[in-house]
Each structure stands twice: as C-alpha cells, then as structure tokens.
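One structure is given below, encoded as structure tokens.
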Amino acid sequence: DAKTTQPTSMDCAEGRAANLPCNHSTISGNEYVYWYRQIHSQGPQYIIHGLKNNETNEMASLIITEDRKSSTLILPHATLRDTAVYYCIVRVLAFSGNQFYFGTGTSLTVIP
Amino acid sequence: NAGVTQTPKFQVLKTGQSMTLQCAQDMNHNSMYWYRQDPGMGLRLIYYSASEGTTDKGEVPNGYNVSRLNKREFSLRLESAAPSQTSVYFCASSETLDEEETQYFGPGTRLLVL
C-alpha cells in the first residue's frame, strides 16, 4: 500500500536547481511529509519536513500544494555530492507510535 | 556523541542459524526502529519501540523478534534465518518535539543468508 509515488530517476546539471516531485494523494490532515536521502548504501539522512506550509532550511526547500496531495523538494544549487536516492515519506501517526512509510525513492544523478 | 551505532557491520549465516543484531543510541531518544532494505527498494519497517518497555510490529515483522533492553539499546533477533532475510538492516532512533519527529539512522548491517 504505497503512500507516496516518486519518479524512479532524474538527472540535474551541477549548479542548477534540482526539483524532485512526490505524490501523496491519500495523505491525512495530521500526517507530515518528510524527505530523506541515502548516499550509496549508507543510512538515510534527514533533509526536511513539513505539514502544510512551505519550509526551507540550509539544505533544501519543501513546497507542499494547498490540497497537500503532492510536494516538491528543491535543492537550489545541486552539487556532485547531492547524487543520492531521495525518499519522500509520509509519517503516519499511531497511538502506539509513529510509523514512517518509505517509498522506492528517486535516484538523482548530478551531472558535471 | 556517536549517534546510532549498529553491530555487526557484516554477517553471513547459514539457513536455520540464529543471530541478534545490536543497536544503540546515545541521544536519549525515546523511540527506536528496525528497518530492512532489499536491493533497489526503499526501507520497510520491521518493528519499532515508542518507549522503553514497549514494542510493536511494523510492515514486515514475520521471522523477527525484538527486545528493547533499555532506553539506549534495541536488538533484532532472527531465530531461524532464511535466504529471504538477506538484506541490509538499519536501526533508527527519533526524538519527538510537539508533533514533529526526526529519525536518525545507523550505518546498517549487511546480512547474507545462504
């Protein structure tokens, strides 16, 4: 039961903005959207998260549509070190504890 | 401050053998998680522990058991390993501030079951 849908792969030129889309059409009102990335086979690394409003931090920006059915992660100036698999995740709230549902992710390749 | 540590890094087992994967965190987090990642796939939740003394099943719990030994440590046990359990196993811990939660992951344990 996939909660997010992402393109399998994307390329981006070094120095340009990378825009990674994600669909989460079944998201509930209190469920957050998180983005993580995984470089090679290392443990996933937190990037950013949001509920309704757009968010920005030192790594990226997150744009969430008004209906919350989709979002876009923006890496403003992609570098070669940003080559990784990017996961869009819906965090499901549960009484016994929260669960993060990872999809299959987008493999981003930054090209020199 | 080591974050989340996992042992061992690599392990080869024969079908039917048992083993325990260890995970520890030094960030004083309440919640801890075990995931598996198969080739070309995202992470799938096996078990989680929202607090010391509690554990709950995730998406793929069959064939595994867990123990939340104390606040720092969360172990995953394979009682009788099967080739289908060949995977990379990641442990994570998280802190929750208000309703926002960030998970921090360990480096992973690569398991091969022959």
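Out of all the residues in segment B:1-55, which are within 12 Å of another protein chain (Cβ to nearest Cβ) and among the β-branched types (Val, Ile, Thr)?
Selection gives B:VAL4, B:THR5, B:ILE46, B:THR54, B:THR55.
Any residue in segment B:57-66 that is of a type in the set (Phe, Trp, Tyr) and farther than 20 Å from A:GLN45 by Cβ?
yes
When the residues of segment B:56-98 are filtered to those that are of a type in the set (D, E, K, R) and within 14 Å of chain A (Cβ to nearest Cβ), which remaining residue is surrounded by the most Cβ atoms within 10 Å (Cβ to Cβ)?
Once the filter is applied, the top-ranked residue is B:ARG68.
Check segment A:21-29 and report whether any residue there is away from chain B (no Cβ under 13 Å), over 21 Å from B:TYR33 (Cβ atoms) and buried (at least 16 other Cβ atoms within 10 Å of the Cβ).
Yes, segment A:21-29 contains a residue that is away from chain B (no Cβ under 13 Å), over 21 Å from B:TYR33 (Cβ atoms) and buried (at least 16 other Cβ atoms within 10 Å of the Cβ).
Any idea how many residues of segment A:30-79 are under 13 Å from the mean Cα position of the chain (by Cα), more than 11 Å from chain B (Cβ to nearest Cβ), assigned to a loop (DSSP other than H, G, I, E, B) and buried (at least 17 other Cβ atoms within 10 Å of the Cβ)?
Residues that pass the stated criteria total 1.
Taking B:GLU101, is it touching a strand residue (DSSP E or B) at 6+ places or on another chain (Cβ under 6 Å) and either more than 14 Å from every other protein chain (Cβ to nearest Cβ) or assigned to a strand (DSSP E or B) (or both)?
So B:GLU101 fits the description; yes.
Find all pairs meeting these conditions: Cβ atoms under 6 angstrom apart; at least six residues apart or on different chains; first residue within segment B:9-34 and touching a residue at least 24 places away in the same chain (Cβ under 8 Å); second residue among the hydrophobic types (A, V, I, L, M, F, W, C) and part of a loop (DSSP other than H, G, I, E, B).
Within 6 Å, the pairs are B:LEU13/B:ALA81; B:LYS14/B:LEU114; B:GLN17/B:ALA81; B:ASP26/B:ALA2; B:SER31/B:ALA50.
B:SER75 is checked against (1) polar (S, T, N, Q); (2) over 29 Å from A:ILE48 (Cβ atoms); (3) more than 10 Å from the chain's Cα centre (by Cα) and fails just one. What number does that condition carry?
(3)
So, in segment A:101-112, how many residues would count as being away from chain B (no Cβ under 14 Å) and crowded, with 20+ Cβ neighbours inside 10 Å?
The number of residues fulfilling the criteria is 2.
So, of the residues in segment A:88-100 that are within 12 Å of A:HIS24 (Cβ to Cβ) and crowded, with 18+ Cβ neighbours inside 10 Å, which turns out to be farthest from the other protein chains (Cβ to nearest Cβ)?
A:VAL90
Each value in this text was obtained by applying a stated rule to the coordinates, not by laboratory testing. Treat the numbers as computed from the prediction; the structure is a model and nothing was measured. Glycine gets a Cβ as well: all are built from the backbone with ideal geometry, and neighbour counts include every protein chain shown.
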